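Q: Quick one: the structure is below, and I'll ask about it shortly.
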Amino acid sequence: MHVIVGGGVVGLSVAWRLARSGRPVTVVDPAPASGATHAAAGMLAPVSEVTFTEEPLLRLGAASLARWPGFAAELTADAGLAAGALDYRADGTLDVAFGADDLAVLEETAGFMEKLGLRVERLSGRECRRLEPMLAPSVRGGLLAPDDAWVDPRRVAGALLAALERLGVPIVRARVRELLRGDEGVQGVRLSPGDTGDGAHREAGGGPYRQERGEPYREEHGGPFREELRAERVVLAAGAWSGSLAPVPVRPVKGQILRLRSPEPLLGRCVRGTVHGLPVYLVPRGDGELVVGATQEELGFDTRVTAGGVYELLRDARELVPGVTELELAEVVAGLRPGTPDNLPLVGPGGERGLLLASGHHRGGVLLAPLTAAVLMGEERELSSLCSPARFAP
Ligand code: GLY
């Protein structure tokens, strides 16, 4: 049996792929899909999300992007949903520039992408506005990554939970207090009392996987008292909290993100740019939602939304698309990305027998979920060394 610690998009994806292949799985999370997955915009944009110093990350992202259409189609079917239910779209990302410096950076990025055999189109300011008429007149040029895609992470998480339910996978709503260790390595998890989503992920300093004393977990539906779950393998997919259960080099990187709303979509594709030295992106959904993200703040386990965060996001989004100020401000949310020292994820054997890691996905958890599951299933050998946790072994 596999116990998956963490019910975000990564943990749920791993659980779904394992269960689908006939392996017994249990997921443990006090409030599934309420952490970084709930905050994420869902850009599947390996090209636009990296710099040219990050070739390994780009290779991982491109490989996972290639898996996404099949992953989305199978998930939609397994969850019993109608085609299109995940809002998966593959209309590309437009990265725009305002000044000569920005244009030079885009030109460098284009050269790097071409060297790696990735498709990219250089556009003038006028061509950018022809694609996206709501762009600011001051946009001087841009790069279109036509193969980039995006998806609604909340719908993906909902579909994963539905697919797991149909496969009979238990979701235990409880905190993991610690990993059970014995002579044979990691042998399961010890649970704390359940917490059914009243904001556990938002506690400063604490966290859903942090050690806490209390009553043992009583299984839902009148099941027996269980304080421990035994497992041959524990997959640690606890995002920014992974480091509280094992020596995993992850740190929380706070991101605040806005959801705006209009009757009609303002944009046809993802748009991003650098404003006041900070990257900002806009992700449109078919129902008129426009996601604006995201801040990057190193403040520990702090998930407060702040006036300054909202101000900066709106200020920078308005530089790209002045019309955003007309939209309804529907939601502000903050999440914690699990950052690693080299920005690459930690996927594979966790340095102790019985322990596997699926963590450290930083800005790319949604994008990298299909690849992560494939690596852990032994289906993706070529790229697995790039994200192997062994690179940080003492
Ligand atoms: N992938 C976008 C972000 O982390 O903000």
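Q: Could you put Met113, Met134, Met1 in order of accessible surface area, largest first, with the 1.4 Å probe and the full protein assembly present?
A: Met134, Met1, Met113
Q: Hey, in the GNM for the chain with a 10 angstrom Cα cutoff, which one of Gly11, Gly378, Gly309 fluctuates hardest?
A: In this elastic network of the chain, the residue with the biggest mean-square fluctuation among Gly11, Gly378, Gly309 is Gly378.
Q: Evaluate the relative contact order of the chain (contact order divided by residue number), counting alpha-carbon pairs under 8 angstrom at least 6 apart; express in whole percent.
A: So the answer I get is 22 percent.
Q: Separation between the Ala330 and Arg315 pseudo-spin-labels, each 7 Å from Cα along Cα→Cβ, expressed in nm?
A: Distance between label points: 2.6 nm.
Q: Which order do Ser242, Ser21, Ser34 take when ranked by solvent-accessible area (1.4 Å probe, heavy atoms of all protein chains), largest first?
A: Final ranking, largest accessible area leading: Ser21, Ser34, Ser242.
Q: Using the Kyte-Doolittle scale, find the helices of the chain whose mean hydropathy is at least -0.5 and whose Cα atoms extend 24 Å or more along the helix's long axis, counting only whole DSSP H runs.
A: Membrane-span-like by this criterion, though nothing is claimed about a membrane: 55-78.
Q: Something else now. Given the options Glu298, Glu114, Glu227, state which has the largest fluctuation in a GNM of the chain using a 10 Å cut-off (strictly under) for Cα springs.
A: Sorting by GNM fluctuation, first place goes to Glu114.
Q: Springs between alpha-carbon pairs under 10 angstrom, Gaussian network model over the chain: which of Gly351, Gly339, Gly293 fluctuates most?
A: Of Gly351, Gly339, Gly293, the most mobile in the Gaussian network model is Gly351.
Q: Using a 1.4 Å probe, how large is the accessible area of Arg318, given in Å² and rounded to the nearest 10?
A: So the heavy atoms of Arg318 present about 120 Å² to solvent.
Q: Let me ask something else about it. Return, for the Cα atoms of the chain, the radius of gyration and Dmax in Å, separated by a comma.
A: 20.8, 66
Q: Return one whole number: the accessible area per residue of the chain in Å², for a 1.4 Å probe.
A: Counting only protein heavy atoms, the per-residue value for the chain is 41 Å².
Q: Could I ask something else about it? Are there GluC sites (Glu not before Pro) in the stretch 337-394 that DSSP marks as loop and that have at most 13 other Cβ atoms within 10 Å, and which are they?
A: Answer by residue number: Glu379.
The values are calculated or read from the model by the stated rules, or taken from the named source; none is laboratory data. For clarity, every value in this text was computed on a predicted model and none was experimentally measured. Quick reminder, even Gly has a Cβ in these numbers, built from the backbone with ideal geometry, and neighbours come from all protein chains shown. For accessibility, only protein heavy atoms count, side chains too; no ligands or nucleic acids. Shrake-Rupley method; radii C 1.70, N 1.55, O 1.52, S 1.80 Å.
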